[in-house]
Each structure stands twice: as C-alpha cells, then as structure tokens.
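Just below is one structure, and these are the notes that go with it.
The values are calculated or read from the model by the stated rules, or taken from the named source; none is laboratory data. A quick note: this is a predicted structure, and the numbers were derived from the prediction, not measured. For neighbour counting, all protein chains shown are included, and Cβ atoms are generated from backbone atoms with ideal geometry for every residue, glycine included.
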Amino acid sequence: MLHRPRRNRKSAVIRDMIQEHHLSAANLIFPLFIIEGQNQKTEVSSMPGIYRHSIDHLLREVESCMKLGLYAFDLFPNIDDSLKDKYATLSYKKGNLYLRAIEEVKKNFPEACIVTDVAMDPYSSDGHDGIVENGVILNDETLAVLGKMALAHAEAGADIIAPSDMMDGRIGYIRQLLDENGFSHVSLMSYTAKYASAFYGPFRDALNSAPKAGDKKTYQMNPANSREALIEAQLDAEEGADFLMVKPGLPYLDIIKLLHDNFDLPIAAYNVSGEYAMLKAAIRNGWLDEERAIMETLMSFRRAGATSILTYHAKEVLEKKWL
Ligand code: PBG
C-alpha cells in the first residue's frame, strides 16, 4: 500500500499539524435575550442555561463574557403583549427597552460589538416579521418600519444591524437610509437564507413572539430549496450586505457551503434555539458527551465555511475552557 491515510492520524501532534479548520472566540457571536425590569434573570425553560436579562443583568453578562474573550453580542427583546401593535411602533420609539440596552452596553463597554435584530415580530401584535393585512404580509409597507428600526438602532450605537425579516429589498433600503443619515460606518449582516424552520420554537418561547395566525412561509424560505439561496445572496451582495447569514445552522450546512463557494463576503451561521435545545436535551439525558457534541457542532460550521457563528453555546465553551 502506497497510501496509508492513517499515518497522518498517528499522534496528537500530527493530527494537530494537519488540522484544516480552527475555532476561536473571535468566531463567536452570543445571542442575548433582554427583558424590562431590575435585577431580573429568568431562564428560558426550553433552553437550559439561557436567560432573559434585565438591562442591569445584561451589563454584568456582557462584562463577564468579555473577560472570557467574547466581544460580540446579538440582542433580542422580550416585549409585553400589552405594548405590541399592528405596526410594531414600539420598535423605533425613543427610550424603548431595546434602544436603552444598546445605549447602556455601548456606554459602559465601547469595545463590545453589538449586533441588533431588525424585524417586527417581537413588537407585532400579529407576531409576524412584517405588517399583516387580511392575512397577507405587506412587503414594501414593512420596509418603512424596518428602516425606522434600523435608524433607531444605529443612533443608539449598534455596530452591526442584522435584518432577520426576509422582506424583499430590505438590505438596499436600509443601506441607503443609513448612508443618508450619517451611518455609513454601520454594517449590515443580512439573514440571507433564512428558512421557515421548526427549530425556532424555543426562541419564540423566550420572546413570546410566535405568530398569532398562519406561518412564515410566504417570506421565510422553503427548507426543500437550495438554489433559491443563491438568488437571495446575489441580491444581498448587490444591495450592500457586509455579511451573509444562513439560518438555521446544522440542517443547512450545505447552504453555508454553497454561499461560501459562490460569494466572497463573510458567511455567518445561526446555530438556532432548537438546535441548542436538542443538544442540551440529549446531554441532560446522558445520551451525548457535552463537550464533544458541542465542539463538533461548532466546528462543523467552520468546516462548511462560516466565519461567524451565532450560538447560545458561545459563553459556555469559553467558560468551560473548551477553546
Ligand atoms: C425573528 C427571528 C427568529 C429568530 C431570530 N430572529 C425567529 C423567527 O423567525 O420566527 C430565531 C432565532 C433562534 O431560534 O435562535 N425575526
């Protein structure tokens, strides 16, 4: 036998020497849930170890993450039903929970990188990412709301704005609005290929943001499609996106690879709430080894071509010194 691939696996030194992909804290973005109040920290029942934080707790959480070398955070608000309306007007209202959170974090920790989520669902009484009229999601009317949200986030100090709504044309619309208002330095991370997935369930529990009627299939993508992701990516690239995101992560590794192979923009993968819940449930039952299962999962995103990984595991992998 001339070829014996096992020679390159014979010792830890050689295995490390030929390792193709690596994972570091710089690759991780930590999603954080926020709630109104003081000294509040409530666990999301379907996501053990993940909490909704009031702003004072959020600041402590950000600080402890930064001590571990984790500097990038994506914020999501839990809004009381009584404050929601059809047009998500709270989403851009001065002094709202979300804007206060961005301002407080940036004031206390200017070096933290804050990613903000632009979509109507946490604030919409319909629980949809866009305006609903007679059961139809209105695209162009929604852009105006998304634009106001994005501007408010930029004014509050967002470093990266991440539209997660899947309306057509929103990247170009938001890019232009930001540029016209003196925010040409604010980045856009587009949820480029966001699928209508079952794996968002625990997130919707965390935020109480599930649709009141219908589903998200007229705007989020069909899980059976991959070529459609190329159309979305082409548009986002033309419209000025700085990052292309694929979401969920694990069931869509092929899409991450597809975008990585066809576009030069950095690719982000969103290892979503349901993926976290799934692993934690198996780990809790003693069916999977925690460290190995989590690290193998995160490495799969790097192998597929993702530069950034939005993951609820971000803090624990550093805390437990697995990286
Ligand atoms: C909504 C949004 C969702 C997630 C991020 N932004 C859920 C949805 O589209 O219903 C899901 C994140 C996760 O499951 O971890 N704009």
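Please give the number of the condition Ala158 fails out of (1) within 11 Å of the ligand (Cβ to nearest atom); (2) assigned to a loop (DSSP other than H, G, I, E, B); (3) not polar (S, T, N, Q).
Of (1) within 11 Å of the ligand (Cβ to nearest atom); (2) assigned to a loop (DSSP other than H, G, I, E, B); (3) not polar (S, T, N, Q), only one is false for Ala158: (1).
Could you check how many residues of the range 146-186 are surrounded by fewer than 17 Cβ atoms within 10 Å (Cβ to Cβ) and of a type in the set (Ser, Thr, Tyr)?
The total comes to 1.
Do we find a residue being closer than 24 Å to Arg175 by Cα, touching a residue at least 24 places away in the same chain (Cβ under 8 Å) and touching a Ser or Thr at 6+ places or on another chain (Cβ under 6 Å) anywhere in the range 245-265?
For the range 245-265, residues closer than 24 Å to Arg175 by Cα, touching a residue at least 24 places away in the same chain (Cβ under 8 Å) and touching a Ser or Thr at 6+ places or on another chain (Cβ under 6 Å): present.
Give the number of residues within the range 196-207 that are surrounded by 15 or more Cβ atoms within 10 Å (Cβ to Cβ) and more than 7 Å from the ligand (Cβ to nearest atom).
So the answer is 6.
Residues in the range 276-291: is at least one modelled with pLDDT of 95 or more and under 17 Å from the mean Cα position of the chain (by Cα)?
yes
How many residues, within the range 150-191, are among the polar types (S, T, N, Q) and within 23 Å of Asn108 (Cα to Cα)?
Here the count works out to 1.
Look through the range 266-317, keep the residues that are in contact with a strand residue (DSSP E or B) (Cβ under 8 Å, 6 or more places away or on another chain) and more than 16 Å from the ligand (Cβ to nearest atom), and return whichever of them is farthest from Ile255 (Cα to Cα).
For the range 266-317, the residue satisfying everything is Val317.
Can you tell me which residue within the range 95-122, out of those that are part of a loop (DSSP other than H, G, I, E, B) and under 17 Å from the mean Cα position of the chain (by Cα), is farthest from the ligand (Cβ to nearest atom)?
By that ranking, first place goes to Ala112.
Residue pairs, Cβ under 9 Å, 6 or more apart or interchain, first in the range 54-72 and at positive phi, second part of a helix (DSSP H, G or I) and of a type outside the set (S, T, N, Q). List them.
That search, which allows pairs on different chains as well, returns Gly69/Ala25; Gly69/Ala26; Gly69/Leu318.
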